[in-house]
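Asker: Questions regarding the structure given below will be posed in turn.
The values are calculated or read from the model by the stated rules, or taken from the named source; none is laboratory data. Everything numeric in this text was worked out from a predicted model, so none of it was measured. Don't worry about glycine lacking a Cβ; one is built from the backbone with ideal geometry, like all the others, and counts go over all protein chains shown. In case anyone asks, the SASA skips ligands and DNA or RNA and just uses the protein heavy atoms, side chains included. Shrake-Rupley method; radii C 1.70, N 1.55, O 1.52, S 1.80 Å.
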Amino acid sequence: MLKLFITCAIVFSSLIASALQKPLVLGHRGACGYRPEHTLASYQLAIDMGADYIEPDLVSTKDGVLIARHENEISETTDVATKFPDRKTTKTIDGKSVTGWFTEDFTLKEIKTLRAKERLAFRDHSYDGQFEIPTFKEVIELAQSQGKKLKRTIGLYPETKHPTYFQSIKLSLEEPLAKELKATGLNKKSSAVFIQSFELTNLKKLKKLTKNKLVYLIDDPELVPADFQASGDKRTYLDMVSKIENLKDIKKTADGIGPYKRYLIPTKIVTDKNGEKTEEKLPPTELIKAAHAVGLLVHPYTFRSEEKYLLKEYNKDPKAEYLEFFALGVDGVFSDFAADAVAARDAYVKEQTQKEKR
């Protein structure tokens, strides 16, 4: 399906101009390649590693407090199953049946009794059970206090998770998000804040509540966004970025897009003579050029340093992947490994600066 974009690799003058800018390093769930995701420890480490922004995903508690979790179902990332075994239930979230433990069934006081754990089996589990689940307010306080200490701006990149669902259970995410940003003086267009969502309806509502920059996230090509499903709109995520009229429609609300990185550098699955399947890189698409042409920033996700996530063309070197995307003209990258992203970005900027001097 992504082949709708695929073109020959052409160097466009607009991409060259964009490449000379300093791409942002966005600490994905903090520095979750090293610490349990969405904990103050993870955000702190991303800051220490030089990330420009830290990214808290936001869901709501039963009493309407925004907390940092990637999903409202929290059994994979906390010890909730052990501490509240009787709260297990099944719900329909964005049209899918999900069984587990959900943040909206717990008060903040109860959430604060939980401890975070590493979600992925192959990552470090030595920090499991050590860290609380932070509120959005606590994440803001961390960014502001560290900014003062380090004398640099620590940006915030909150994401609203399942906003249509939370709206349906009368726990709207938009108002408390806007309220927290206003209370801390971060609700201005000039603030180092991007608010992101996979739902355009959510961003349209936020646009009326705050002046912050907004980013529309782009999920799997065949999926219809949850808000579109609710309204009967049949457009897929692929439709939204493969048709110029839809990109222009996004621009009416958002300042940028956050596509899965395979929208920019697609791949195909190749089977060798022994039956083993590998992912092979294809030429870059024109999405960056198209997005920039209508005035949209491009912040792709997610960059990870483990060998299993790297295409064979990168020879096990995460820096090679970052450098290719920087050269294409992305405006920022979401990374689980902020230190690797910062090192690659610094090397890229140094190289480009030297070229400019020659």
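Asker: The conditions are (1) under 21 Å from S197 (Cβ atoms); (2) exposed (fewer than 12 other Cβ atoms within 10 Å of the Cβ), and K148 fails exactly one of them. Which is it?
Answerer: (1)
Asker: I'm trying to understand the selection: among the residues of segment 312-330, which are outside any loop (DSSP other than H, G, I, E, B) and closer than 18 Å to D346 by Cα?
Answerer: If the condition is that a residue be outside any loop (DSSP other than H, G, I, E, B) and closer than 18 Å to D346 by Cα, then P318, K319, A320, E321, Y322, L323, E324, F325, F326, A327, L328 are the ones that fit.
Asker: Can you tell me which residue in segment 301-330 is farthest from D124 (Cα to Cα), limited to those that are among the hydroxyl-bearing types (S, T, Y) and open to solvent by 30 Å² or more (accessible area, probe 1.4 Å)? Steps first, answer last, please.
Answerer: Start the filter on segment 301-330 by keeping residues that are among the hydroxyl-bearing types (S, T, Y), which leaves 301-302, 305, 309, 314, 322.
Right, trim to open to solvent by 30 Å² or more (accessible area, probe 1.4 Å) and you get 301, 309.
On the way: Y301: 22, Y309: 17 Å.
Top of the filtered list is Y301.
Asker: Going by the conditions given, is E104 among the charged types (D, E, K, R) and open to solvent by 30 Å² or more (accessible area, probe 1.4 Å)? Let's see the steps before the verdict.
Answerer: Values: among the charged types (D, E, K, R): yes; open to solvent by 30 Å² or more (accessible area, probe 1.4 Å): no.
Criteria not met by E104.
Asker: Sticking with this structure for a sec: Within segment 256-311, which strands (runs of 3 or more DSSP E) (wholly inside it) include 1 or more residues that are polar (S, T, N, Q) and in contact (Cβ under 8 Å) with a residue 40 or more places away in the chain? Steps first, answer last, please.
Answerer: On the way: elements: 256-259, 267-271, 277-281.
Per the criteria, 267-271.
Asker: Another question about this same structure. Quick one: S14 ticks every box in (1) at pLDDT 95 or above; (2) surrounded by fewer than 20 Cβ atoms within 10 Å (Cβ to Cβ); (3) among the hydroxyl-bearing types (S, T, Y) bar one, so which box is it?
Answerer: (1)
Asker: Would you please list the contacts, defined by Cβ atoms under 9 Å and residues six or more apart or on different chains, that run from a residue in segment 123-142 that is small (G, A, S) to a residue that is outside any loop (DSSP other than H, G, I, E, B)?
Answerer: Final answer for the pair search is G129/A116.
Conditions tested, residue by residue: (1) surrounded by fewer than 14 Cβ atoms within 10 Å (Cβ to Cβ); (2) closer than 23 Å to E55 by Cα.
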{"site": "D227", "(1), (2)": "no, yes"}
{"site": "L238", "(1), (2)": "no, no"}
{"site": "K243", "(1), (2)": "no, no"}
{"site": "K251", "(1), (2)": "no, yes"}
{"site": "R262", "(1), (2)": "no, yes"}
{"site": "D272", "(1), (2)": "yes, no"}
{"site": "E276", "(1), (2)": "yes, no"}
{"site": "A293", "(1), (2)": "no, no"}
{"site": "H299", "(1), (2)": "no, yes"}
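Asker: What is the one condition in (1) open to solvent by less than 80 Å² (accessible area, probe 1.4 Å); (2) part of a helix (DSSP H, G or I) that V333 does not satisfy?
Answerer: The number of the failed condition is (2).
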